[in-house]
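The values are calculated or read from the model by the stated rules, or taken from the named source; none is laboratory data. These numbers come from a predicted model, not from an experiment. Ideal geometry is used to build each Cβ from the backbone, glycine not excepted, and the neighbour counts take in all protein chains shown.
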Amino acid sequence: MFGKRSDVGAQQKPVLPIPQPVAPSSDAFAGGAAAPSHIPDLGITEAGAQFSGQAARPGSKSIQADAPKAPKSESGLTARKSESYYDIKSTIFNALIDAIDLTQLGQLDRDAARDEIRDIVNEIITLKDVVMSIAEQEELLEDICNDVLGYGPLEPLLARDDISDIMVNGANLTFIEVGGKMQQTGVRFRDNGQLLNICQRIVSQIGRRVDEASPICDARLPDGSRVNVIVGPLAIDGPALTIRKFKKDRLKLTDLVKFKSITPEGATILEIIGRVRCNVLISGGTGSGKTTLLNCLTGYIDHDERIITCEDAAELQLQQPHVVRLETRPPNLEGEGSITMRDLVKNCLRMRPERIIVGEVRGPEAFDLLQAMNTGHDGSMGTLHANSPREALSRLESMITMGGFSLPSKTIKEMVCGSIDVIVQAARLRDGSRRITHITEVVGMEGDVIITQDLFVYEIVGEDANGKIIGRHRSTGIARPHFWDRARYYSEERRLAEALEKAEARNEQD
């Protein structure tokens, strides 16, 4: 299948000249030819196993005994490997590039290409008499396959479902977040060139680019995980890559109850809020779980409703059949052709939506979203960064003002008051846990002040011996919320009343 593969096992003449063990160029293949756009960067990665220190046969290549098998850390990540490992891997890797037909490789699907690469690497290992155990050979094969076909050193991190964030600060420093806590890993890249190539590979999948001319980019992985890349000259110590991973299994409100992010009664209230088409604003700080919560609320939208989502990088995972996903577009090299969030929201109004969902409100599109909520698109939702429901309302007003709308402050507040029904506040606490701290209604105005009332609040009581925060969700005792009539219109008033009564009873038990 590959042009030069049959030469690997030939016995008549020497083949596959193995160059000196140096790392291949970050932007070119062996011989100086630039990598085709459909072939990933072929770099040396951190993922893989150490070779053992067993004795080599005469004439064979092996790792010296001072490179013991890498221990596994508590987080399951392989510790940093010796330079001898990278030398041997570079030798095998360069031989692979000599033997493989890159054009035909690019035409294969991922599984077939992986099988072909593994076969050729096995032949090279046999031909060069590299001594290693079966387990070590398997890990080396997987390592090289990740380099050629995947995201190199990132592959083992992306495969772990317990990691919520991956933060790469240059080629030699990578952090992850597990259980709300930051951990440094032993993962490293060959150099900043390989890291930049992987960043370019990620963003090119959605038709974007990142380079010195356009050094900042938002993108996404195929599973919806959010990606941000910033490169030189803005990033001084090498490219900075940040990945907000999504779990393979989408969380539901029942999962949030299990994690104690909200009580069962509070989850029922949120379910009803999503079902009866309240206009919802989800507020919270960075990493507080706003997008996860938005995904949970959209799970209770009826399947016969037409939903249009607007995002900078499409990451929402709606399960309804009638969903249109829209994504902003950055400007081209000439600085033209950009499509902003406001352009998308304005265009939504011409697409006959029943609900409009904005991934994150951060600019003048706030005005258009409020307009949409006021013109028959009940049940629209969005997220924004704020530390409290009151601050979320102030931020909405500020974003509209910064958009150049010369409206009196009272007029803007009246628009906000008439559009937003419920604010759900999410927070990430100092022990790494995430909680829904407020479910707050927007009731009306008194003079120039927007009046709100809390249905549920989270109170911190203290912390245990392990530093975990102890708290409780408390109902404020409101028996008939402001959206009661809307719940009755959807025949949900009985379930709403029962949830509020159970929440009040839970208060008395606590």
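Descriptive notes on the structure:
- Given (1) surrounded by 14 or more Cβ atoms within 10 Å (Cβ to Cβ); (2) farther than 22 Å from Gly289 by Cα, number of the condition Arg244 does not satisfy: (2)
Rundown of residues vs (1) outside the structural domain of Ala171 (by TED's automatic domain parsing); (2) in contact (Cβ under 8 Å) with a residue 40 or more places away in the chain; (3) closer than 30 Å to Leu173 by Cα, yes/no style:
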| site | (1), (2), (3) |
| --- | --- |
| Gly186 | no, yes, yes |
| Asn192 | no, yes, yes |
| Ser204 | no, yes, yes |
| Glu212 | no, no, yes |
| Asp218 | no, yes, yes |
| Ile236 | no, no, yes |
| Ile272 | yes, yes, no |
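- Hey, Asp218 part of a loop (DSSP other than H, G, I, E, B), within 30 Å of Ile339 (Cα to Cα) and of a type in the set (D, E, K, R) or not: no
- Out of Gly232, Gly284, sole residue that is touching an Asp or Glu at 6+ places or on another chain (Cβ under 7 Å) and either surrounded by fewer than 23 Cβ atoms within 10 Å (Cβ to Cβ) or over 18 Å from Ala499 (Cα atoms) (or both): Gly232
- Residue count for region 170-218, restricted to those that are modelled with pLDDT of 85 or more, within 30 Å of Lys260 (Cβ to Cβ) and loosely packed, with under 15 Cβ neighbours inside 10 Å: 2
- Taking the conditions (1) of a type outside the set (A, V, I, L, M); (2) out of contact with any Ser or Thr (no Cβ under 7 Å at 6 or more places or on another chain); (3) not in a strand (DSSP E or B) in turn, Asn197 satisfies each one other than (2).
- Checklist (1) aromatic (Phe, Trp, Tyr); (2) exposed (fewer than 14 other Cβ atoms within 10 Å of the Cβ); (3) in contact with a helix residue (DSSP H, G or I) (Cβ under 7 Å, 6 or more places away or on another chain) applied to Trp484, failing item: (2)
- One residue stands out among those in region 476-504 that are in a helix (DSSP H, G or I) and among the small types (Gly, Ala, Ser): the one that is nearest to Val422 (Cα to Cα), which is Ala487.
- Residue in region 112-130 that is at pLDDT below 70 and hydrophobic (A, V, I, L, M, F, W, C) present: yes
- Of the strands (runs of 3 or more DSSP E) contained entirely in region 305-385, those carrying at least 1 residues that are touching a residue at least 60 places away in the same chain (Cβ under 8 Å) and not acidic (Asp, Glu) fall at 355-358, 381-385.
- Put simply, of Thr254, Thr298 the only residue that is in contact with a strand residue (DSSP E or B) (Cβ under 9 Å, 6 or more places away or on another chain), hydroxyl-bearing (Ser, Thr, Tyr) and farther than 30 Å from Val168 by Cα is Thr298.
- Set Asp448, Asp421, Asp454, Asp485: member being among the acidic types (Asp, Glu), farther than 30 Å from Asp162 by Cβ and in contact with a Phe, Trp or Tyr (Cβ under 9 Å, 6 or more places away or on another chain): Asp421
Matching residues to (1) assigned by TED's automatic domain parsing to the domain that holds Ile423; (2) within 20 Å of Val424 (Cβ to Cβ); (3) at pLDDT below 90:
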site	(1), (2), (3)
Val461	yes, no, yes
Ala465	yes, no, yes
Gly477	yes, yes, yes
Pro481	yes, yes, no
Ala487	yes, yes, no
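- Single match in Ile273, Ile301, Ile262 (criterion: part of a loop (DSSP other than H, G, I, E, B), under 22 Å from Val457 (Cα atoms), at pLDDT 85 or above and not aromatic (Phe, Trp, Tyr)): Ile262
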